[in-house]
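The values are calculated or read from the model by the stated rules, or taken from the named source; none is laboratory data. Computed from a prediction, not measured in an experiment: that's the story for all the values here. Please note: Cβ atoms are built from the backbone with ideal geometry, for glycine as well, and neighbour counts cover all protein chains shown. For accessibility, only protein heavy atoms count, side chains too; no ligands or nucleic acids. Shrake-Rupley method; radii C 1.70, N 1.55, O 1.52, S 1.80 Å.
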Amino acid sequence: MRILANDGIDAVGKKILEEAGFEVDTNHIPQEELIEKLNAYDAITVRSATKVRQALIDACPNIKAIGRGGVGMDNIDVDYARSKGIAVINTPAASSLSVAELVFAHLLNGVRFLYDSNRKMVGEGNTNFGGLKKAYAKGVELRGKTIGIVGFGRIGRETAKVALGLGMDVIYTDLYDGPASLELTLSGGIQVDVPVHQVSFEEVLKKSDFISLHVPFLEKAAISKDEFAVMKDGVGLVNASRGGVIDELELIQALDSGKVAFAALDVFDNEPTPRQEILTHPKISLTPHIGAATNEAQERIGVELANLLIDALKK
Ligand code: NAD
């Protein structure tokens with residue numbers, strides 16, 4: 001059987017598939033050529049780039065499985081594929097820790113103004129650090145502060161664990177009842193159970209020093225004008241969930257007024273071409289949707305995808 005890994009697959013995952021007897025082609029076929037070429041394969045794996053829409057599915061009756069390395073399946077017509085008896089697989093848990101660690105890369109960056117000093121020291125670094133020492137004099141520590149997590153699923157919980165490890169208090173909100181504590185595994189394998197507190201969305205907004213968003217894409221932005229209004233003055237905000245979860249135009253207003261001290265965005269409206277006002281804003285720390293982009297996460301994704309594909313194709 002032949003598998004087209006059209007957006008690539010980690011080497012360990014590829015090896016697992018090959019050892020199970022599959023031929024894995026990692027040559028990328030451009031989207032417009034897939035309709036002619038994909039039917040030569042039994043399965044396709046994609047990340048977010050390749051789209052697997054109804055017309056492609058109809059043109060390729062040989063396809064028995066579609067694998068998405070990662071979480072979001074917005075690029076696949078999932079229900080349609082399943083209605084045709086095609087297995088559709090993703091790897092939702094493999095990247096949670098990497099996304100959570102990126103949240104803290106951004107938070108530590110935010111509380112010490114790294115997003116700004118990295119831009120400004122280049123131009124102003126020559127004379128007594130160009131007055132930048134003074135500009136960055138009011139950093140804050142994370143320990144003892146409250147982080148509010150919106151969406152306490154896989155990534156929200158991993159984010160909470162990193163926060164607890166740093167000595168932060170964790171409050172969270174979710175549509176469903178969640179845990180009253182999380183088990184942390186510290187170095188040396190020591191396990192400790194640490195309390196977390198489920199509260200209303202409004203309480204998260206009101207009580208948090210930092211807010212991190214981990215909900216799926218919603219019809220309407222979860223954070224817009226009314227939500228900014230009830231937040232603490234000087235709150236720090238991270239969005240590594242999906243573009244559109246924060247209203248970007250209202251975010252700019254909230255940053256400019258000082259309501260929000262800094263924001264960190266890994267996801268944007270209109271990816272991969274976010275609006276210029278966001279890209280150039282002096283209070284925004286930016287990453288280009290790299291939440292899952294670690295060696296460890298990519299290996300876990302590859303291994304999980306390979307094993308799920310083997311199960312689906314050998315049925
Ligand atoms: P998940 O499904 O495990 O968790 C989402 C949680 O949000 C669930 O517990 C759900 O009940 C809750 N929820 C949904 N709507 C809500 C609402 N209106 N209010 C409060 N809670 C609500 O998902 P996950 O794996 O933790 O992923 C979270 C987000 O991160 C998704 O948007 C996903 O696409 C995104 N993500 C981003 C990256 C990245 O590279 N930045 C990587 C992976 C996932």
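For region 198-209, state whether one or more residues are assigned to a loop (DSSP other than H, G, I, E, B), within 11 Å of the ligand (Cβ to nearest atom) and open to solvent by 50 Å² or more (accessible area, probe 1.4 Å). Yes, the conditions are met somewhere in region 198-209. Residues in region 1-43 that are over 15 Å from ILE66 (Cα atoms) and of a type in the set (A, V, I, L, M): ALA11, VAL12, ILE16, ALA20, ILE29.
Exactly one residue out of ALA5, ALA40, ALA49 is over 28 Å from the mean Cα position of the chain (by Cα) and aliphatic (A, V, I, L, M), and it is ALA40. For LEU142, the conditions (1) outside any helix (DSSP H, G or I); (2) within 16 Å of the ligand (Cβ to nearest atom) all hold with the exception of (2).
In region 96-118, the residues that are open to solvent by less than 10 Å² (accessible area, probe 1.4 Å) reach residues that are basic (Lys, Arg) and modelled with pLDDT of 95 or more with C-beta atoms within less than 6 angstrom, at least six apart or across chains, in these pairs: SER96/ARG154. Residues that are among the β-branched types (Val, Ile, Thr) and closer than 27 Å to GLY72 by Cα were ranked within region 221-257; the one that is nearest to the ligand (Cβ to nearest atom) is VAL245.
Screening ASP193, ASP233 for residues that are assigned to a loop (DSSP other than H, G, I, E, B) and outside the structural domain of MET73 (by TED's automatic domain parsing) leaves exactly one candidate, ASP233. Across region 265-292, the number of residues qualifying as in contact (Cβ under 8 Å) with a residue 40 or more places away in the chain and under 19 Å from PHE152 (Cα atoms) comes to 3.
Annotation for region 54-65: at least one member residue is touching a residue at least 12 places away in the same chain (Cβ under 8 Å), out of contact with any Leu (no Cβ under 9 Å at 6 or more places or on another chain) and not in a helix (DSSP H, G or I). Using the structure shown, decide if ARG154 is closer than 26 Å to HIS289 by Cα and either modelled with pLDDT of 95 or more or within 16 Å of the ligand (Cβ to nearest atom) (or both). Against the criterion (closer than 26 Å to HIS289 by Cα and either modelled with pLDDT of 95 or more or within 16 Å of the ligand (Cβ to nearest atom) (or both)), ARG154 qualifies. Could we say that PRO282 is at pLDDT 95 or above, assigned to a loop (DSSP other than H, G, I, E, B) and either away from the ligand (no atom under 15 Å from the Cβ) or not basic (Lys, Arg) (or both) here? For PRO282, the condition - at pLDDT 95 or above, assigned to a loop (DSSP other than H, G, I, E, B) and either away from the ligand (no atom under 15 Å from the Cβ) or not basic (Lys, Arg) (or both) - is not met. Criterion applied to ARG68, ARG82 was being open to solvent by 30 Å² or more (accessible area, probe 1.4 Å), among the basic types (Lys, Arg) and modelled with pLDDT of 95 or more, and the one residue passing it is ARG82.
Okay, residues lined up against (1) under 30 Å from ALA306 (Cβ atoms); (2) within 16 Å of the ligand (Cβ to nearest atom):
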| residue | (1), (2) |
| --- | --- |
| ILE86 | yes, no |
| LEU107 | no, yes |
| GLY110 | no, no |
| LEU114 | no, no |
| LEU132 | no, no |
| ALA135 | no, no |
| GLY148 | no, yes |
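Here are the criteria: (1) closer than 30 Å to LYS51 by Cα; (2) within 17 Å of the chain's Cα centre (by Cα); (3) open to solvent by 60 Å² or more (accessible area, probe 1.4 Å). Tell me which single one LYS161 does not satisfy. Failing condition for LYS161: (1). Is there a residue in region 163-172 that is in the same structural domain as VAL52 (by TED's automatic domain parsing), in a strand (DSSP E or B), within 16 Å of the ligand (Cβ to nearest atom) and touching a residue at least 12 places away in the same chain (Cβ under 8 Å)? There is no residue in region 163-172 that is in the same structural domain as VAL52 (by TED's automatic domain parsing), in a strand (DSSP E or B), within 16 Å of the ligand (Cβ to nearest atom) and touching a residue at least 12 places away in the same chain (Cβ under 8 Å). Within region 258-272, can one find any residue that is outside any helix (DSSP H, G or I), closer than 30 Å to LYS138 by Cα, open to solvent by less than 30 Å² (accessible area, probe 1.4 Å) and aromatic (Phe, Trp, Tyr)? Within region 258-272, one or more residues are outside any helix (DSSP H, G or I), closer than 30 Å to LYS138 by Cα, open to solvent by less than 30 Å² (accessible area, probe 1.4 Å) and aromatic (Phe, Trp, Tyr).
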